[in-house]
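Below: the structure, in structure tokens.
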């Protein structure tokens, strides 16, 4: 019974992160935070799955390394965008401009 509650919690976390990612597309920082929230919910789901089935958890270490790299890359893009454009509005970010 407790496992189903955790699964439901992870599902609600994932869906709320997806909703924020889809609906709030004005600022790059809010999009990055919602992506990190989605990755956190996937990490929790993977942890519950591996613990429930008695698998090794080495995959979790690789997953969290990729999460950290994704967060660092997002923050570096945010900093370079603020230095270039002066704001973090996602609409002002255009890849075709030099």
- prompt: Which entry in [x] 1.70; [y] 1.40; [z] 1.32 is this structure's computed Cα Rg over 2.2 N^0.38 Å?
  reply: [z]
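Over all alpha-carbon pairs in segment 6-45, figure out the percentage whose distance exceeds 11 Å. Don't skip to the end; give the middle numbers.
Details: 427 of 780 pairs.
Counting pairs separated by more than 11 Å, the tail of P(r) holds 55 percent.
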field: Net length gained if the chain between residue 40 and residue 15 were fully extended (0.36 nm per residue, minus Cα distance)
entry: 7.8 nm
statement: Neighbour-count ranking for 52, 6 (other C-beta within 10 angstrom, fewest to most) reads 52, 6
query: Angle between the Cα long axis of helix 28-52 and the longest principal axis of the chain, 0 to 90 degrees, nearest 10?
result: 10 degrees
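What is the chain's relative contact order, in percent, from Cα pairs under 8 angstrom and six or more apart in sequence? If you can, show how the numbers build up before the last one.
Values: 64 pairs, mean separation 27.6, N = 98.
Value for the chain: 28 percent.
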statement: On each of the three principal axes the extent of the alpha-carbon atoms of segment 28-84, given in whole Å and largest first, is 49, 18, 5
query: By how many degrees, between 0 and 90 and to the nearest 10, does the Cα long axis of helix 2-23 differ from the longest principal axis of the chain?
result: 10 degrees
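Taking only DSSP H segments of four or more residues, each worth -39500 (n - 2.57), what value at 222 nm results for the chain once the sum is divided by all its residues, to the nearest 500 deg cm²/dmol? Before the final figure, lay out the partial values.
Working: 3 runs with 75 residues, N = 98.
Estimated from H runs of four or more residues: -27000 deg cm²/dmol.
We did not get these values from a lab; they are worked out from the coordinates using the rules stated. None of the values given here were measured: they were computed from a predicted structure. Glycine also receives a Cβ, built like all others from the backbone with ideal geometry; neighbour counts cover every protein chain displayed.
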